[in-house]
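These notes concern the structure reproduced below.
Just so it is clear, none of the values below were taken in a lab; they were calculated from the coordinates. Not measured: the values here are computed from a predicted model. Here the Cβ is made from the backbone with ideal geometry for all residues, glycine too, and neighbour counts use every protein chain on show.
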Amino acid sequence: MNRRMAWAGVAALAMTAASACTSEGDAASPASTPSATSSTPTTSSAPPTTPAPSTPAPTPTTTTPTAAPHPVSLQAMMTKKYNGGNLRLGRVLARNSAYTRYYVTYRSGALTISGIMNVPRTPGKHPALVLNHGHIDPAIYTNGRGLMREQDYLARRGYVVLHTDYRGHAQSSDDPREGVDMRLGYTEDAINAVLALRTSPSVDPNRIGMLGRSMGGGVTYNAMVAQPGLIKAGVVFAPVSADAADNFNRWMRNDRPIGATVLRAYGEPARNPAFWRNVSAINFFDRVTEPMLIHHGESDSTCPIAWSREALAALKAAGKTASMYTYPGEEHAFGPAWPTSMARTVAFLEQHGL
């Protein structure tokens, strides 16, 4: 699908979403109260002239409709049914003394998602990690691209590593909602990757974690609030903000035509705060049940370290197990401190049963 066709589909979907979205977005708000309607039977005011056995009056009934969450919201992700499975190992991409690298596909909703999977050559079931990569233009993205150092490092330490390509990337199916869905489809793909891993004979289904970098850190936040208990622990490197408005303002607002399309569909954050609140993981950190580790360079010019400090403070305020390492002089991609950050990551994972 070329970009012009893809954006035509996005624009059409945005108009549909806009027509269904109120300016306040109350139906999607966690604090909204469903309205109730009552049905009361009518009776005659005149008494009967002849006593007769009475028929019990019908009991008044009250119908309380349940407001469905906005389809583009973390609440919708919380109630969604996931079907991750059909994990298929394809051709061998590489083989070394520590692991074999496969091209893989798995199911995510109605889509097929591609990726790579590194399987240690040691026998038995292994702990596993789903890796969520940062933003790479789908026009240049290739299978397994992103987090290449982490893929190798972790597989050599005994982890099965499933690196997802996300919908619309590499050989993954296209999704006409991509962009206007605030990239929540990527979160669906990550959740289904965990479910797919549980079916692998090489994986201990009770020992699966998740690691994300940059945009993939945001995907990891979303997965942990949408599906508590899905994984045993989460690690994020230089993550985007847990507040969707921050990310929109930094990258999407001036990216034409997607910025204008999103604003037509959902409105400005200040004008429709309920929508933006409900696509922001920071407002649902009370749902997190697994420990989380954050790594962030103090010189990161792509994702400000203040975002991670805010996320850590929110997790701590919610009483969650969360910790953060900061790295003086490190930029977004990590350089000299990368080996230290990975050693700390493995220690954290092992501490929490992975």
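I'd like the FRET efficiency for R156 and R253, computed as 1/(1 + (r/R0)^6) with the beta carbon distance as r and R0 of 51 Å, rounded to 0.05.
That gives a FRET efficiency of 0.80.
For segment 65-146, give the magnitude of the charge dipole about the Cα centre (Cβ charges: +1 Lys/Arg, -1 Asp/Glu; no others), in debye to the nearest 20.
360
In 5 Å bins starting at 0, how do the alpha-carbon pair distances of segment 174-214 split up by percent?
Result, from short to long distances: 5, 19, 24, 19, 15, 10, 7, 0 percent.
Can you classify segment 234-354 as rounded, prolate or oblate using the Cα gyration tensor, where a ≥ b ≥ c are the square roots of its eigenvalues, rounded means a/c under 1.5, and otherwise it's prolate if a/b beats b/c and oblate if not?
Verdict is oblate for segment 234-354.
With the crude spin-label approximation of a point 7 Å out along Cα→Cβ, what separation in nm comes out for L93 versus E268?
Roughly 4.4 nm, to one decimal.
Rounded if a/c is under 1.5, else prolate if a/b is larger than b/c, else oblate: which is segment 315-354, with a ≥ b ≥ c the root eigenvalues of its Cα gyration tensor?
Numbers: a/c = 3.66, a/b = 1.39, b/c = 2.63.
The shape class here is oblate.
Express in nm, to one decimal, how much length is gained between T321 and S173 on full extension, taking 0.36 nm for each residue of separation and deducting their alpha carbon distance.
Residue separation times 0.36 nm, minus the Cα-Cα distance, leaves 49.7 nm.
With a 10 Å radius around each residue's Cβ, average the other Cβ atoms per peptide and rank 285-296, 220-231, highest first.
220-231, 285-296
No solvent, one uniform scatterer per C-alpha: report log10 I(q)/I(0) for segment 154-228 via the Debye equation at q = 0.23 1/Å, two decimals.
-1.17
Going by average Cβ density within 10 Å per residue, which order do the peptides 341-352, 177-188 take, highest to lowest?
For the peptides 341-352, 177-188, the packing ranking is 177-188, 341-352.
Among 87-96, 232-241, 193-202, how do they line up from the highest to the lowest mean number of other beta-carbon atoms within 10 Å?
232-241, 193-202, 87-96
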